[in-house]
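This report concerns only the one structure given below.
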Amino acid sequence: MAQQVIASPFIKPFFLKAQVNVATPLRQRRHTLPASEFRNLTPEDAISVFEIEREAFISVSGECPLTLDEVLGFLSQCAELSLGWFEEGQLVAFIIGSRWDKERLTQEAMTAHVPGAPAVHIHVLSVHRHCRQQGRGSALLWRYLQHLCCLPGLRRALLLCEAFLVPFYRAAGFKERGPSAIAVGTLRFIEMEYTLAGAAYARRNSRW
């Protein structure tokens, strides 16, 4: 029998086909938590978020997209624009965004949230090191974009990425807008855009 896991009020429940084998009291206690859950992040998740982000980015670029204070700020101001993937209560992947009101992303967009603006700036998508190369990043991004389609007033999602990540985001439906004027040290970025207006919501009982 499929096991139903409830996500946030904005996010459709999904089903796991794994059987639950209750063999011992220890195993029974372990399954009091959902095997897999998607929900909006809260300020209480900030430390876990920052630990995953720091491990993923420091070794590559020497800097995190968001500082811990910025993570806390966004999760306090616009938690509905975040999404975390939890396995047995532990965060394994996340996305954080904020609203933006200009046609292109600027340096100001790196730390700003503009309530009511029609675009979402996706600041960071990161996956725990033990869960990479499993398709989780693309699965989480797909679910996040469907979530955004349910939020009122949003028309576009914008992000910056390095050139080698362009195919990943293109496969998710993003289009290139060209080089960004924003740089971090020697790193240069491409701006990508996803159109939310008119996008169909997730199919019933969709599968990855």
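The values are calculated or read from the model by the stated rules, or taken from the named source; none is laboratory data. All figures in this text were calculated on a predicted structure; none of them were measured in a lab. Methodologically, a virtual Cβ is constructed for each residue, glycine included, from the backbone with ideal geometry; neighbour enumeration extends over all protein chains shown. Note: areas computed on protein heavy atoms with side chains; ligands, DNA, RNA excluded. Shrake-Rupley method; radii C 1.70, N 1.55, O 1.52, S 1.80 Å.
Some points to look at:
- Segment 164-180: number of residues that are touching a Lys or Arg at 6+ places or on another chain (Cβ under 8 Å) and open to solvent by 40 Å² or more (accessible area, probe 1.4 Å): 3
- No other residue among His130, His147 is surrounded by fewer than 16 Cβ atoms within 10 Å (Cβ to Cβ) and either modelled with pLDDT of 95 or more or under 19 Å from Glu53 (Cβ atoms) (or both) apart from His130.
- Residues of segment 77-115 that turn out to be open to solvent by 10 Å² or more (accessible area, probe 1.4 Å), assigned to a strand (DSSP E or B) and closer than 20 Å to Lys175 by Cα, as a count: 1
- Some residue of segment 65-74 being part of a loop (DSSP other than H, G, I, E, B), under 16 Å from the mean Cα position of the chain (by Cα) and modelled with pLDDT under 95: yes
- Of all residues in segment 136-161, those satisfying the criterion of being within 15 Å of Ile95 (Cα to Cα) and not in a helix (DSSP H, G or I) are Ala157, Leu158, Leu159, Leu160, Cys161.
- Test: residue in segment 186-207 that is in contact with a Lys or Arg (Cβ under 9 Å, 6 or more places away or on another chain), open to solvent by 80 Å² or more (accessible area, probe 1.4 Å), among the basic types (Lys, Arg) and free of Cβ contacts under 8 Å to residues at least 12 places away in the same chain: yes
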